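The values are calculated or read from the model by the stated rules, or taken from the named source; none is laboratory data. In this text, all values refer to a predicted model and were calculated from it rather than measured experimentally. Because the Cβ atoms are built from the backbone with ideal geometry, glycine has one as well, and the counts that use them run over all protein chains shown.
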């Protein structure tokens, strides 16, 4: 087991196979004490980092990440909250982007988002206090 | 008995062919550059992506998962704990790791202290990769594969500063052919199974997967309005990719087909890099292919050219 990790051969080689999957999306709704609401997405500084975040979201959309999904989304929500620490609650909305076929695109259909999960995280000024899925 | 002896000799001949170190120089250059570019590509987010606390996601989560699988898999937590004994903060240690990885990559590129640089690069890259496993994708694994083989190969090569300046020589030149063969076979496995699984998806035969890959965020760097004009080419491109990948282990070995297959595979990766914005993925695949099957093509065409023009210079030291 250790050897396969050291050699980098622990994963399969089905890049974009058998089919190109849909891509997952995570949006945070920030709720402020005065009733304001803002939306944010996980933000990074470069396209290369963006690819990694997209990979993370695609991973946690898979069934084998069911048990970890909430934990990871809570971490991502905490990262957003650190930038907006006056928010009292963050609602994380996780979904999958449905891509149009080429024919559909020609007929004006564009990508749409399909809702999968939603999590509410309440925050105190100091640190994340509790999670309410 | 004679038959088994014949096959044994053939197998040994296949696994341990006489080989120059051109491929190793290519692999070393390429991987050194790849690691430096990798570090630069996520420089601004390095601490944010790898922090145990206060980052995007906690590094500790991946590390705990891997610790359950094996306690011997390298991870950044080891280095952070070690640095903690010297009073260094996590942020400082992560910065030190970044500089060490860039330095090791530069040393690898130059061929200075090649073996030590290869081991350090492999270890640090693997530690970063495993600690950020949830954020890693195929390119990272392929870099690990390349670094693993490079670390075990008989360094230094003739193009390295070790050879030129330090007059350091490899003691196991007889293994040059073996490690190249391992890389070649590994690439054949990667492409064959990658291609075979693509063949099972109907989206590659009708071109819809090409379209999906190109418009899928965050790889949608080309405007779909432009892409749609080329939609008739998608099925051709899809079938071409399936055939190219599945046929790789069959056509890359033959002298007549190797140049075509090698050129097409590199062109495919270049296209992936340019159209999907996956530059590092494209680069590592081209480097691995160039080392595995391209080095011979370059030297062969050079020999032929020298023979034609009568400008061949025999390097007596190398000979």
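Have a look at A:87, A:77 and point out the one that is over 21 Å from residue B:130 (Cα atoms), modelled with pLDDT of 90 or more and away from chain B (no Cβ under 12 Å). So the residue among A:87, A:77 that is over 21 Å from residue B:130 (Cα atoms), modelled with pLDDT of 90 or more and away from chain B (no Cβ under 12 Å) is A:87. For segment B:196-213, a residue qualifies if it is more than 9 Å from chain A (Cβ to nearest Cβ) and assigned to a helix (DSSP H, G or I), and exactly one does: B:205.
Do we find that residue B:39 is under 25 Å from residue B:281 (Cα atoms) and either within 14 Å of chain A (Cβ to nearest Cβ) or in contact with a strand residue (DSSP E or B) (Cβ under 9 Å, 6 or more places away or on another chain) (or both) in this structure?
On the way: under 25 Å from residue B:281 (Cα atoms): yes; either within 14 Å of chain A (Cβ to nearest Cβ) or in contact with a strand residue (DSSP E or B) (Cβ under 9 Å, 6 or more places away or on another chain) (or both): yes.
The answer is yes for residue B:39.
What residue, among those in segment A:22-72 that are closer than 18 Å to residue B:215 by Cβ and out of contact with any strand residue (DSSP E or B) (no Cβ under 9 Å at 6 or more places or on another chain), is surrounded by the most Cβ atoms within 10 Å (Cβ to Cβ)? For segment A:22-72, the residue satisfying everything is A:51.
How many residues are facing chain A (nearest Cβ under 8 Å) and farther than 11 Å from residue A:101 by Cα if we restrict to segment B:228-237? Let's see the steps before the verdict.
The first filter runs over segment B:228-237 and keeps only residues facing chain A (nearest Cβ under 8 Å), leaving B:228, B:231, B:234.
Now narrow it down to the ones that are farther than 11 Å from residue A:101 by Cα: B:234.
The qualifying residues number 1.
Would you be able to say whether some residue in segment B:251-260 is crowded, with 17+ Cβ neighbours inside 10 Å and not in a helix (DSSP H, G or I)? Scanning segment B:251-260 turns up at least one residue that is crowded, with 17+ Cβ neighbours inside 10 Å and not in a helix (DSSP H, G or I). Only one of the numbered conditions (1) under 26 Å from the mean Cα position of the chain (by Cα); (2) free of Cβ contacts under 8 Å to residues at least 24 places away in the same chain; (3) more than 10 Å from every other protein chain (Cβ to nearest Cβ) is not met by residue B:69, and that is (3).
The numbered conditions (1) away from chain A (no Cβ under 14 Å); (2) surrounded by fewer than 21 Cβ atoms within 10 Å (Cβ to Cβ); (3) under 30 Å from residue B:68 (Cβ atoms) are all true for residue B:104 except (2).
Being in a helix (DSSP H, G or I), surrounded by fewer than 24 Cβ atoms within 10 Å (Cβ to Cβ) and within 14 Å of chain A (Cβ to nearest Cβ) is a description that applies to residue B:127. Here are B:210, B:226, B:215: which of them is within 25 Å of the chain's Cα centre (by Cα) and without any contact (Cβ under 8 Å) to a residue 40 or more places away in the chain? So the residue among B:210, B:226, B:215 that is within 25 Å of the chain's Cα centre (by Cα) and without any contact (Cβ under 8 Å) to a residue 40 or more places away in the chain is B:210.
Between B:205, B:211, the distinction of being surrounded by fewer than 20 Cβ atoms within 10 Å (Cβ to Cβ), modelled with pLDDT of 95 or more and either closer than 30 Å to residue A:108 by Cβ or in contact with a helix residue (DSSP H, G or I) (Cβ under 7 Å, 6 or more places away or on another chain) (or both) belongs to B:205 only. Per the listing B:157, B:140, B:162, B:174, the residue uniquely farther than 19 Å from residue B:289 by Cβ and buried (at least 22 other Cβ atoms within 10 Å of the Cβ) is B:162.
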